[in-house]
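Structure, as structure tokens:
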Amino acid sequence: MTALRDRGFLSQSSDAGLEKKLETPTVLYAGFDPTAESLHIGNLLQIMLLAQFQRHGHTPIALVGGATAMIGDPSGKSAERVQLEEKTILRNQEGIKRQLQQFLDFENGDNKAILVNNHDWISKFSFIDFLRDVGKHFRVGEMMGKESVRKRLQSDAGMSFTEFSYQTIQGYDFCHLNREYNCTLQVGGDDQWGNIIAGIDLTRKMTDTPVYGMTSPLLTTATGQKFGKTEAGTIWLDSQKTTPYDFYQYWIRVDDRDVINLLYRFTYMPIEQILELEKCVKNEPEKRQAQNVLAQEVTRMVHGDHAVEMAQKAAKVLFGQEITGMTDADLTSIFSDVPSTELQRDRLVEGIPLLDVICETKLCNSRGEAKKLIKSGGAYINNKRADAIDITLKPEALASETVMVLRSGKKKYHLVKFN
């Protein structure tokens, strides 16, 4: 518990003696609703919290909310969530399971992690049985007093009975896990405090067992922006939704005021090393050493060593390093905002003059202008200067499977795709 507090994971707890109780191995859980086919870095805080508990000898349960995803959690939402089809939820569950297995050990040790889906037990209830056996333990006045409910009731959108009942289902999850796995602790973000308290109260009523809750602070950046959100949207853990390069760049761009807090939460680095990086931030901020370490550690954890290597290579490419050994996906990600032109592959096989390509891509408006560009040393093929006017481009000039990168001057790029 002390280690969690030192790393900034602890915000609220339901019992002042929780720290003492956690001196012995404990079974705990956190829930993840499969409302998308991937988790995002906003979820990463709770994943890391479970991983830290497992590293300290406790048994984490990762609950994938197949049932609660059909309802929609009103916490932090200003309007009711669009209802998902069951087949969509099942697909999302599989993606989330694969991601959780990257962080938690489900195979080894006495405290190996457990993966469960609340649809397995909630779906066995009939509506009448749930109201009789579970609903009778909830008091409407207390449910109305929850912050997530109160805010929605005061809004123009209001709240449906469906979302109002969310806390009863999540509350029963705790009760079920306590009975089946002796789970005595639920963790989540501060926005889950009301749901966690509901689960504690229900479990104590239905099992006469003392259970507890703990929350972590919701992360915001130094500028007040919600952590994990950018102008381009959410930063996902799935490489198909957020490329490893873009993922890496998110952490590289972290504000000096945020980077140390993120190192505490999103890496396993010893605190002593983080304190040394904090000195670097204060004394040599221009080197951005802490950001580089953060980007490497988190990207490696989520995407692996190769992704770190390629992300670093991509960064060098944008500073003019010659482009070799990259994939179409890598180049498309790096140059996502760069214009592109498609040309026939067979033209490249036959050999196509560089002058023609420069004109067809509109890097220059005429062959005369293109000749001047080359003669002045301002034309580049895959970041390598073109040193002759009569260059003929062939397949070996490609930087990846189908892409060639042309550059005019220092920063004017154009992708040529030979399909």
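The values are calculated or read from the model by the stated rules, or taken from the named source; none is laboratory data. None of the values given here were measured: they were computed from a predicted structure. Don't worry about glycine lacking a Cβ; one is built from the backbone with ideal geometry, like all the others, and counts go over all protein chains shown.
Residue under question is ASP191, and the condition is that it be outside any strand (DSSP E or B), in contact with a Leu (Cβ under 9 Å, 6 or more places away or on another chain) and more than 13 Å from SER148 (Cβ to Cβ); does it hold?
no
Go through (1) of a type in the set (Lys, Arg); (2) within 23 Å of GLN101 (Cα to Cα); (3) without any contact (Cβ under 8 Å) to a residue 60 or more places away in the chain for ARG257 and report which single condition fails.
Here ARG257 clears every test but (2).
Given the criterion surrounded by fewer than 12 Cβ atoms within 10 Å (Cβ to Cβ), at pLDDT 90 or above and assigned by TED's automatic domain parsing to the domain that holds GLY42, identify the matching residue among LYS124, LYS112.
LYS124 is the lone residue from the list that is surrounded by fewer than 12 Cβ atoms within 10 Å (Cβ to Cβ), at pLDDT 90 or above and assigned by TED's automatic domain parsing to the domain that holds GLY42.
Might you let me know whether region 74-86 holds any residue that is modelled with pLDDT under 80 and either in the same structural domain as PHE266 (by TED's automatic domain parsing) or closer than 26 Å to ARG204 by Cα (or both)?
Among the residues of region 74-86, at least one is modelled with pLDDT under 80 and either in the same structural domain as PHE266 (by TED's automatic domain parsing) or closer than 26 Å to ARG204 by Cα (or both), which makes the answer yes.
Which residues, taken from region 272-302, are out of contact with any Pro (no Cβ under 9 Å at 6 or more places or on another chain) and among the aliphatic types (A, V, I, L, M)?
ILE274, LEU275, LEU277, VAL281, ALA290, VAL293, LEU294, ALA295, VAL298, MET301
Would you tally the residues in region 283-304 being free of Cβ contacts under 8 Å to residues at least 12 places away in the same chain and either in contact with a helix residue (DSSP H, G or I) (Cβ under 9 Å, 6 or more places away or on another chain) or small (Gly, Ala, Ser) (or both)?
Of the residues in region 283-304, 3 are free of Cβ contacts under 8 Å to residues at least 12 places away in the same chain and either in contact with a helix residue (DSSP H, G or I) (Cβ under 9 Å, 6 or more places away or on another chain) or small (Gly, Ala, Ser) (or both).
Every residue in region 227-248 that is in a helix (DSSP H, G or I) and surrounded by 21 or more Cβ atoms within 10 Å (Cβ to Cβ), please.
Within region 227-248, PRO244, TYR245, PHE247, TYR248 meet the criteria.
Could you pull out the residue among GLY228, GLY213, GLY199 that is within 20 Å of LEU100 (Cβ to Cβ) and small (Gly, Ala, Ser)?
GLY228
Cβ-Cβ under 8 Å, sequence separation 6+ or interchain: first residue in region 24-48 and not assigned by TED's automatic domain parsing to the domain that holds LEU84, partner among the aromatic types (Phe, Trp, Tyr). Which pairs?
none
Tally the residues that are within 23 Å of LEU393 (Cβ to Cβ) and surrounded by 15 or more Cβ atoms within 10 Å (Cβ to Cβ), restricting the search to region 323-339.
The qualifying residues number 10.
Residues being in contact (Cβ under 8 Å) with a residue 60 or more places away in the chain and part of a helix (DSSP H, G or I): count how many of those fall in region 135-150.
Here the count works out to 3.
Taking region 381-396 as the search range and keeping residues that are of a type outside the set (Gly, Ala, Ser), in contact with a Gly (Cβ under 9 Å, 6 or more places away or on another chain) and under 16 Å from ALA370 (Cβ atoms), which one is surrounded by the most Cβ atoms within 10 Å (Cβ to Cβ)?
Step by step, filter region 381-396, then rank; the result is LEU393.
Sort out which residues of region 344-367 are surrounded by 15 or more Cβ atoms within 10 Å (Cβ to Cβ) and either in contact with a Phe, Trp or Tyr (Cβ under 6 Å, 6 or more places away or on another chain) or not assigned by TED's automatic domain parsing to the domain that holds THR392 (or both), and write them in order of number.
Residue satisfying the conditions is LEU348 alone.
Name the single residue that is surrounded by the most Cβ atoms within 10 Å (Cβ to Cβ) among those in region 164-187 being more than 19 Å from ASP120 (Cβ to Cβ) and at pLDDT 95 or above.
Ranking the qualifying residues of region 164-187, first place goes to LEU185.
In region 197-226, what residues are under 27 Å from the mean Cα position of the chain (by Cα), surrounded by 18 or more Cβ atoms within 10 Å (Cβ to Cβ) and either part of a loop (DSSP other than H, G, I, E, B) or among the acidic types (Asp, Glu) (or both)?
Residue satisfying the conditions is LEU219 alone.
Select from region 30-46 the residues that are in contact with a strand residue (DSSP E or B) (Cβ under 7 Å, 6 or more places away or on another chain) and not in a loop (DSSP other than H, G, I, E, B) and write down the one among them that is surrounded by the fewest Cβ atoms within 10 Å (Cβ to Cβ).
HIS40
Which residue, of ILE334, ILE323, ILE381, ILE389, is modelled with pLDDT of 95 or more and not hydroxyl-bearing (Ser, Thr, Tyr)?
ILE381
Can you find even one residue in region 127-145 that is over 16 Å from ASP173 (Cα atoms), surrounded by 13 or more Cβ atoms within 10 Å (Cβ to Cβ), more than 21 Å from the chain's Cα centre (by Cα) and at pLDDT below 90?
yes
Just to be sure before I move on: is ALA399 crowded, with 20+ Cβ neighbours inside 10 Å and part of a loop (DSSP other than H, G, I, E, B) in the structure I sent?
yes
I'd like the full set of residues that are modelled with pLDDT of 90 or more and either in the same structural domain as GLU37 (by TED's automatic domain parsing) or among the aromatic types (Phe, Trp, Tyr) (or both), limited to region 218-236.
Result: TRP236, single match.
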